[in-house]
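S.K.: Handing you this structure, nothing more for now.
The values are calculated or read from the model by the stated rules, or taken from the named source; none is laboratory data. Everything quoted here is computed from the prediction, not taken from an experiment. Accessible surface areas use protein heavy atoms only, side chains included; no ligands, DNA or RNA. Shrake-Rupley method; radii C 1.70, N 1.55, O 1.52, S 1.80 Å.
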Amino acid sequence: MTDEYDIFVPQNLKEKIWNFAYIDLSLLLKQNFVANTNDNMNTLQVVDGKLVVQTKAKKVKSIDNINSWTDAFLIFTQIVLDNHPNKSKELLK
C-alpha cells in the first residue's frame, strides 16, 4: 500500500528533504501540486529569435492556518522518516 504523499510529492523535493536542504513547506500541500501540474498557463514568446512556449505555473497556496501547516509538517515528517527513521525524536521536539 502506498502512502498518499508518495503520489504527489516529486522525487526531487523528497531528495532535498532527505539531504536536510531548505524547502518551502507549502510545496508539500496536495492542492499546490495539483495546481502546478494541471493549471499551468502556456504562452508563446520570441526569445533570441526563436519561438518558444513558456509555462507559467499557477501561484502556490501559502500556509495561512494551523491546519495547513500541520498537514504539510506531517507529510514532511513522513518523508524524513522514510530515509532517516532515527530522527523521530528530533522531529517531535
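S.K.: Sorted by accessible area with a 1.4 angstrom probe, largest first, how do 52, 9 fall?
M.R.: Details: 52 45, 9 10 Å².
Heavy-atom accessible area, descending, gives 52, 9.
S.K.: Using heavy-atom solvent-accessible surface (probe 1.4 Å) with all chains present, what is the largest-first order of 62, 26?
M.R.: 62, 26
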